[in-house]
Amino acid sequence: MVIILLHRLTPPVLPLETPKSASTATPASYRSETFNADEGDIRITWSSNLSAQSVEDMRDWLDLLKWRIARRDGVGEAIEDE
């Protein structure tokens, strides 16, 4: 006597929200801020234990970055007027 059992397989149910990938997740030792511009997200991530000197260096770097972005996108005059 041979008994054959047939089971109907149910496909897995995917979650409605996909988890953050490793590339977008922020490690616990870092902080992150996101600005939602009309053209897309702008995200800055930094170490949560910056020294005073590193904060000063970051301020200078952010000023340089604003200038470089404005120059690339052709809106340099608007930034220079500030």
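The values are calculated or read from the model by the stated rules, or taken from the named source; none is laboratory data. Being a predicted model, the structure only gives us computed values, none of them experimental. Note that each Cβ is placed from the backbone with ideal geometry, even for glycine, and that neighbours are counted across all protein chains shown.
Out of the residues in the stretch 46-61 that are surrounded by 12 or more Cβ atoms within 10 Å (Cβ to Cβ) and closer than 24 Å to D73 by Cβ, which is modelled with the highest pLDDT? Applying the filter and picking the extreme gives M58.
Annotation: T26 fulfils all but one of (1) out of contact with any Leu (no Cβ under 8 Å at 6 or more places or on another chain); (2) surrounded by 10 or more Cβ atoms within 10 Å (Cβ to Cβ); (3) at pLDDT 90 or above; the unmet one is (3). Considering the conditions (1) part of a loop (DSSP other than H, G, I, E, B); (2) modelled with pLDDT of 70 or more, H7 is excluded by exactly one of them, (2).
Per-residue answers, yes or no, for (1) part of a strand (DSSP E or B); (2) under 20 Å from the mean Cα position of the chain (by Cα):
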{"site": "E33", "(1), (2)": "yes, yes"}
{"site": "R43", "(1), (2)": "yes, yes"}
{"site": "N49", "(1), (2)": "no, yes"}
{"site": "M58", "(1), (2)": "no, yes"}
{"site": "L62", "(1), (2)": "no, yes"}
{"site": "W67", "(1), (2)": "no, no"}
{"site": "R71", "(1), (2)": "no, no"}
